[in-house]
Amino acid sequence: MAEKGIELTKVLHLLRHAKAELGRTDGEDHTRALAARGRKAIKHMGEAIKIADLKVGRVFCSTARRTRETFDALRHDLGNPPVSYRDRLYMAACDDLMRFIQGLPDDTDAAMIVGHNPGLHDVALTVTGRAGRGQAKGLNRLRTKFPTGALCTLTFDVPSWKKVDAGLGELTRFLRPRDLEEKT
């Protein structure tokens, strides 16, 4: 039996920042802003997120400018969830992200991480064990690439984030800005 306030299912949303300006020559990658294309794409993602009525209890966002701008563009569409900005999510590797996920507070049943590749892609591939209903094509796309602005939603039948591990996740959504462009 689950403890009061703790569900037996955890939902993890991985959101890669939208398309950013080209790399800077002064070495200040952390301060790169979203490109016009990224701002447009994330607006469409926000509309899709609102329609999907995505539930997010808490957001954890890299401190990079491009991730903060991505989240800020979606904040209202996500229902204004509380956000924590974490330096450790900036360009985090898969192992670091796994430790971060396993340390999430168990009173949060649906969490979002706004971050970067290759870490987000690597962790998504690591934890995904199967495609949910209607997500076979999404899983194939995820295996190929986790593009800028994409959202990956995974469900875990576990009572605690500490139990999230390789192959335990079910892919329930993989949405790319390109998918929305194809519909318009």
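Read the figures in this text as sums done on the coordinates, not as results from a lab. Treat the numbers as computed from the prediction; the structure is a model and nothing was measured. Cβ coordinates were reconstructed from backbone atoms using ideal geometry, including for glycine residues, and neighbour counts include every protein chain displayed.
Just a few scattered comments:
- Antiparallel bridge percentage (DSSP; both residues within the chain; nearest 5): 40 percent
- For the pair R39 and R58, the difference between a 0.36 nm per residue extended length and the Cα-Cα distance amounts to 4.6 nm.
- Formal net charge of residues neighbouring R141 (Cβ-Cβ distance under 11 Å; K, R +1; D, E -1): +4
- Spherically averaged projected area in nm², based on the convex hull that wraps the Cα atoms of the stretch 85-169: 5.5 nm²
- Protection-proxy order for peptides 75-87, 10-22, each taking the mean of Cβ atoms within 10 Å per residue, highest first: 10-22, 75-87
- Karplus (6.51, -1.76, 1.60) ³J(HN,Hα), θ = phi - 60°, over the stretch 139-148, in Hz, Gly and Pro reported as x: 5, 4, 5, 4, 4, 7, 6, 10, x, 4
- Cα centroid separation, the stretch 102-133 to the stretch 154-168: 9 Å.
- Centroid-to-centroid separation of the stretch 24-64 and the stretch 72-92 [C-alpha atoms, Å]: 9 Å
- Annotation: Cα Rg of the stretch 34-129 relative to the compact-globule expectation 2.2 N^0.38 Å equals 1.06.
- Along its principal axes, the chain has C-alpha extents of 53, 36, 30 angstrom, given from the largest down.
- Full-stretch length increase - T31, D87 - with 0.36 nm per residue and alpha-carbon distance subtracted: 18.9 nm
- Listed by chain and number, the lysines placed with their C-alpha closer than 28 angstrom to that of K19 are K40, K43, K50, K55, K137, K145, K183; residues fewer than eight positions away on the same chain are left out.
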